[in-house]
C-alpha cells in the first residue's frame, strides 16, 4: 500500500484538475460505466474514498449482500444536487487511505478505470503510469467477472502491453497500451484501433 496510495492520490488530484473546468451540461455526459453519467461516477469515487473496512461490511449486509444495491446507495448518499459540491466532496477525501477489505490493487483499478469512465466520453486525454496500470491489469486478469475482475474476458488470449513490460496469457495475442487492455478486460468499450493482433476483436467484444 505504501507504493499504491501515492499513485491513487496523484490520480485523484489529476481528475479534480480536469473536472474543475467542466461546463454544467458536461456533467450529464454518459460515462463508460453503463447507466451512470459523469456526475454519478464522481459520486461513486467519493463514496469509495470514504469507505472503511468496517463500514463496507456494515453497508454490504444492509444492502442484502448485493453489490449493485451497495453502489447505488453510496452514489445517492454522496451525489450533491450541484456537481461542484460533489467535486468539493471528492477534493476533501482525495488524500484518504481507507479502503474496503479488498486487495490493494483494487485501489488502482478504481482510479484508472473510473478515471477513463469519465475522461473518454468528455474527450479528455490523460497519461497514466503504465507500470501501475499493468499492476491493475494483472489483478483484473486474476479475478473473476462476478468479483469485479475480468479473467473470463481474456481467457484463451495472450495480452501484451506496448508501453510497459507486460506479457501474460497464452493463445491469440492482443497488443495495446496497458490502459486500453485494462479497460477491455474490465468490460469497457475500447476502439478497435487500440487492440492490435489476432485476438484484438475477441477481447474488444
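Among the residues making up the stretch 126-136, those that are closer than 19 Å to residue 45 by Cβ and either assigned to a loop (DSSP other than H, G, I, E, B) or within 12 Å of the chain's Cα centre (by Cα) (or both) are 126, 128, 129, 133, 136. Condition test on residue 191, is it farther than 28 Å from residue 66 by Cα and at pLDDT below 95? Here the answer is yes, as residue 191 does meet what is asked. Scanning the stretch 137-156 for residues that are surrounded by fewer than 23 Cβ atoms within 10 Å (Cβ to Cβ) and either out of contact with any helix residue (DSSP H, G or I) (no Cβ under 8 Å at 6 or more places or on another chain) or not in a helix (DSSP H, G or I) (or both) yields 142, 143, 144, 146, 147, 148, 149, 155, 156.
So, residue 26, is that one free of Cβ contacts under 8 Å to residues at least 12 places away in the same chain and within 21 Å of residue 113 (Cβ to Cβ) or not? So residue 26 fails the test. Being farther than 14 Å from residue 32 by Cα, outside the structural domain of residue 164 (by TED's automatic domain parsing) and at pLDDT 95 or above holds for only one residue in 113, 93, and it is 93. Residues in the stretch 72-96 that are crowded, with 17+ Cβ neighbours inside 10 Å and within 15 Å of residue 40 (Cβ to Cβ): 74, 75, 78, 79, 83, 86, 87, 89, 90. Only residues that are touching a helix residue (DSSP H, G or I) at 6+ places or on another chain (Cβ under 6 Å) and touching a residue at least 24 places away in the same chain (Cβ under 8 Å) were counted across the stretch 49-64, and they come to 2.
Report yes if some residue within the stretch 97-106 is buried (at least 16 other Cβ atoms within 10 Å of the Cβ), out of contact with any helix residue (DSSP H, G or I) (no Cβ under 8 Å at 6 or more places or on another chain) and part of a loop (DSSP other than H, G, I, E, B); otherwise report no. Steps first, please.
Of the residues in the stretch 97-106, the ones buried (at least 16 other Cβ atoms within 10 Å of the Cβ) are 99-100, 102, 105-106.
Narrowing the set further to residues that are out of contact with any helix residue (DSSP H, G or I) (no Cβ under 8 Å at 6 or more places or on another chain) leaves 102.
Subsequent filtering for residues that are part of a loop (DSSP other than H, G, I, E, B) retains 102.
Yes, the conditions are met somewhere in the stretch 97-106.
The values are calculated or read from the model by the stated rules, or taken from the named source; none is laboratory data. Since we're looking at a predicted model, the values are computed, not measured. Positions of Cβ are generated from backbone atoms using ideal geometry, with glycine treated the same way; all protein chains shown enter the neighbour counts.
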